[in-house]
Amino acid sequence: MNRAYISALLTILMWSSLAVLTVTITHIPSLLSVGLVLIFASIPGLKYWRQWKLPWKVWLSAVIGMFGYHFLLFDAFSRSPAMSVNMIQYLWPLFIVLGTPLFSQSRLNVGHVIGAILGFGGVLLTLAQEPIAFNVADLFGYGEAFIAALLWAFYTLSNRRYTKMPMSAVAGFCLFSGILALTSYALTADIQAVIPSISDLLVIGLLGLGPMGLSFYTWDYAIRHGDTRVIGALAYLAPLLSVIWMAMFIPEVTLKPVHLVTLILIIGGASLGQYVEKRKLAALLVVNNGEPIVKG
């Protein structure tokens, strides 16, 4: 396994711990916590700000993707049932797989498509263990979650396209997205209503170091050096690992046999596209006088 996929798995592991950490700061308004975390996440890269000389289109797409995803997702959680919102927002790995041909020369085979669907099916199995509500009044929040999933796939794939972009630029994306989040909070909420405590700030610091900090940098490395079709399918491990984290720290959450089935579906789905591609390449190799040749 190359470093890109190790980096992707490290990112997924960090993202899976997000729920365990955020459960302790749910009393803080989402925009405030997101803004603080993103600004904290930008700190390690601020000293490289001179490297951030990028075309305005790169800045626009990155900030829209990062800020838009977090803003819409957290607003959706405040409007609609969390389990249903979570199910919809986890369409983004599927969108990454299906959208790869639009942003690169990579093409999809039937294995990639079936594998991504299997991964999403695994997520549905995991999330279906909890009651999922549907009311017309919740449609707006569900729509936000759907657009959020599209935006994160857009952020991921558009960043891959800019091969000369320094990794430190991710700090700039975090900084400006964090400023937008705090500005939105200041304009829409009573800023005197909530003052984070020292313990809250420690959790925010941990989030900024890991699930919403270092993870952005490792994700950037993974998507620009690995196969996004495979990485998108692997990303479905995040909700499953999240359940495992919660089972370790929250007594009310227990692991079930269905979670093993989900793991098999995700790993199998992530491998299916690569398997089909290797079979297709093997089919093109024809042995002629002991020498393999590739037929056009």
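Derivation of every value follows stated rules applied to the coordinates shown; laboratory data play no part. The structure presented is a predicted model; accordingly, all values stated were derived computationally and were not measured. When we count neighbours, we look across all protein chains shown, and the Cβ atoms used for this are built from the backbone with ideal geometry, even at glycine.
In the distance distribution for segment 113-232, Cα-Cα pairs more than 21 Å apart total 60 percent. In the chain, the calculated helix contribution to ellipticity at 222 nm averages -23000 deg cm²/dmol per residue, counting -39,500 (n - 2.57) for every DSSP H run with n ≥ 4.
Looking at Met87, Ser158, Leu118, which one has the Cα that reaches farthest to the positive end of the dipole of the chain (charges on Cβ: Lys, Arg +1; Asp, Glu -1)? My answer, from the dipole projection, is Ser158.
Identify the residues of segment 53-81 with backbone N under 15 Å of a label point that sits 7 angstrom from the Cα of Leu187 along the Cα-to-Cβ direction, or state none. Correct set: 64, 67-68, 71-72.
Sorting 2-8, 172-178 by average packing, meaning the other beta carbons within 10 Å per residue, from highest down gives 172-178, 2-8.
Dipole check for segment 50-173: with +1 at the C-beta of Lys and Arg, -1 at the C-beta of Asp and Glu, and the Cα centre as origin, the magnitude is about 820 Debye.
Volume of the convex hull of the chain (Cα atoms only), normalised per residue: 156 Å³. The calculated pair-distance distribution of segment 1-76 uses every alpha carbon pair, bins of 10 angstrom beginning at 0, and gives 14, 36, 39, 11, 0 percent. Dipole size of segment 3-294 about its Cα centre, with +1 on Lys/Arg Cβ and -1 on Asp/Glu Cβ: approximately 1100 debye, rounded to the nearest 20.
Return the lysines within reach of Lys278: Cα separation strictly under 24 angstrom, same-chain partners fewer than 8 residues apart disregarded; answer none if there are no such residues. Output for Lys278: Lys295.
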